[in-house]
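Engineer: Structure below; questions to follow.
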Amino acid sequence: MMMLKSNNIEKRNTTQYLNFAYFGLAFLQLIIEFTVYSNVAIFIRIALPLLLMALYHINSKDKNSLFYITVVLLLISNILFYYVGTVLFFYGILTFILLRIVALALVFKLTKQKNYLHIVVASFPFLLIFFYLISATNEIAEYEFNVLIFQSILISLLGGISISNYFKSDNRQNSWLLISTLLFIGLRFIVFIERYFVSNLSQTDIYRPIAIILNVFAFYTFYKYVIAAESEDNKIDNANNHDS
């Protein structure tokens, strides 16, 4: 009993240190993102997903491989997005699309009761907004258009399932998922506006810190959702085993 209590205290302390390191590095990223310290910036882009992976590894009993794949894809896309204006940036977009597919698969896996009609209906408003923004965008290449359509469908599906889950049951895991999804949608809007609707470079600089903050909190709250969903599943399994 004492050993278990000691392990729980150690895990809680380690989690606090990792949380402090995660948000501390995120704050540092805001400061140095616009400076000449490029080596530090790329280090932070690598360190943040690794810290998120460490947090999940310590606090998860299930150790779901889909979450690890999601974070690895985040790490790769963070590196590739650093090289703006090169072909690596485009590969970063493709990697991030793959990340969204894996994250969506993880959400579907953790959602035990799925009503596909509710998900489609809840996804429709997001699709409508994103498709309107795409249609209002001028001089867009065909491959970019296809990428935007696919990204819009993925993020709209995530929005649909998070809203349908939340209204079905506003428990802790669905609350975390809804918060995470809203942050992801906000990030999508910021990136879209910055890339296609803002031509002034000084105005672009305003959106980058917002994008960093949204990105940091979106993935952290997604991690919290996965932990909460796994904990709920374990409680249900334990209750079923006890009843049997």
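Where a number appears in this text, it was derived from the coordinates with a stated rule and is not lab data. Since the structure is predicted, the reported quantities are computational estimates derived from the model, not experimental observations. Virtual Cβ from ideal backbone geometry, glycine too; neighbours counted across all protein chains shown.
Engineer: For the Cα atoms of the chain, what angle does the longest principal axis make with the long axis of helix 116-135, in degrees from 0 to 90, nearest 10?
Structural biologist: 20 degrees
Engineer: Using a/c under 1.5 as the rounded threshold, could you call the range 93-134 rounded, prolate or oblate? The axes a ≥ b ≥ c are square roots of the C-alpha gyration tensor eigenvalues, and prolate needs a/b larger than b/c, oblate otherwise. Walk me through the numbers on the way to the answer.
Structural biologist: On the way: a/c = 4.59, a/b = 1.09, b/c = 4.21.
Judged from the Cα gyration tensor, the range 93-134 comes out oblate (a/c at least 1.5, b/c at or above a/b).
Engineer: In a solvent-free Debye calculation with one equal scatterer on each Cα, what is log10 I(q)/I(0) for the range 65-166 at q = 0.13, 0.17, 0.19 Å⁻¹, listed in the order of the q values?
Structural biologist: -0.55, -0.88, -1.02
Engineer: Given the options 223, 56, 143, state which has the largest fluctuation in a GNM of the chain using a 10 Å cut-off (strictly under) for Cα springs.
Structural biologist: Its mean-square fluctuation being the largest, the pick is 143.
Engineer: Would you indicate which of [x] 25; [y] 14; [z] 38 is the value of percent of Cα pairs over 32 Å apart derived from the coordinates of this structure?
Structural biologist: The calculated read-out lines up with [x].
Engineer: With +1 on the Cβ of every Lys and Arg and -1 on the Cβ of every Asp and Glu, and nothing else charged, how large is the dipole of the chain about its Cα centre, in debye rounded to the nearest 20?
Structural biologist: Details: 17 positive and 14 negative charges, 110 e Å.
That gives a dipole near 520 debye.
Engineer: Could you please tell me the mean projected area of the C-alpha convex hull for the range 1-129, averaged over all directions and given in square nanometres to one decimal?
Structural biologist: 11.3 nm²
Engineer: Could you give the nm distance between label points at residue 15 and residue 79, where each point is 7 Å from its Cα heading toward the beta carbon?
Structural biologist: Label at residue 15, label at residue 79, 3.0 nm between them.
Engineer: Oh, and also: Explain nothing, just the number: relative contact order of the chain, from Cα pairs under 8 Å at least 6 residues apart, as a whole percent.
Structural biologist: The normalised contact order for the chain reaches 17 percent.
Engineer: Another question, then. On full extension of the chain, what length is gained from residue 65 through residue 172, given 0.36 nm per residue of separation minus the C-alpha to C-alpha distance?
Structural biologist: Gain in length upon complete extension: 36.3 nm.
Engineer: Just how far, in whole angstrom, is the range 146-166 from the range 77-111 if you go by their alpha carbon centroids?
Structural biologist: So the two Cα centres are separated by 15 Å.
Engineer: Can you pull the one-decimal nm distance between simple spin-label points at residue 101 and residue 114, each 7 Å off the Cα toward Cβ?
Structural biologist: So the two model labels end up 1.6 nm from each other.
Engineer: Which order do peptides 82-91, 17-26, 152-161 fall in by mean Cβ count within 10 Å, highest first?
Structural biologist: Top to bottom by mean Cβ count within 10 Å: 152-161, 17-26, 82-91.
Engineer: Assuming 1.567 mPa s and 4 °C, estimate D for the range 27-91 with Stokes-Einstein, Rh taken as the Kirkwood radius over Cα pairs, in µm²/s.
Structural biologist: My calculation gives 100 µm²/s for D.
Engineer: Compute the long axis of helix 172-196 from its Cα atoms, compare it with the longest principal axis of the Cα atoms of the chain, and write down the angle in degrees, 0 to 90, nearest 10.
Structural biologist: Roughly 10 degrees, rounded to the nearest 10.
Engineer: Spelling out what I want: for every residue of the range 147-163, take phi, set θ = phi - 60°, compute 6.51 cos²θ - 1.76 cosθ + 1.60 (Karplus), and round to whole Hz; glycine and proline get x.
Structural biologist: Computed from phi, the couplings for the range 147-163 are 5, 4, 4, 5, 4, 5, 5, 5, 5, 5, 5, 4, x, x, 5, 5, 5 Hz.
Engineer: Give a residue-ordered list of calculated ³J(HN,Hα) values for the range 215-230 (Karplus: 6.51 cos²θ - 1.76 cosθ + 1.60, θ = phi - 60°; whole Hz; x for Gly, Pro).
Structural biologist: So the J values, rounded to whole Hz, are 5, 4, 6, 5, 6, 5, 5, 5, 4, 5, 4, 4, 4, 5, 5, 5.
Engineer: Now for a separate question. For the range 12-24, take each phi angle, set θ = phi - 60°, evaluate the Karplus expression 6.51 cos²θ - 1.76 cosθ + 1.60, and give the result in whole Hz per residue in order, putting x for glycine and proline.
Structural biologist: Per residue, the Karplus-derived 3J(HN,Hα) values read 5, 5, 4, 4, 5, 4, 5, 4, 4, 5, 4, 6, x Hz.
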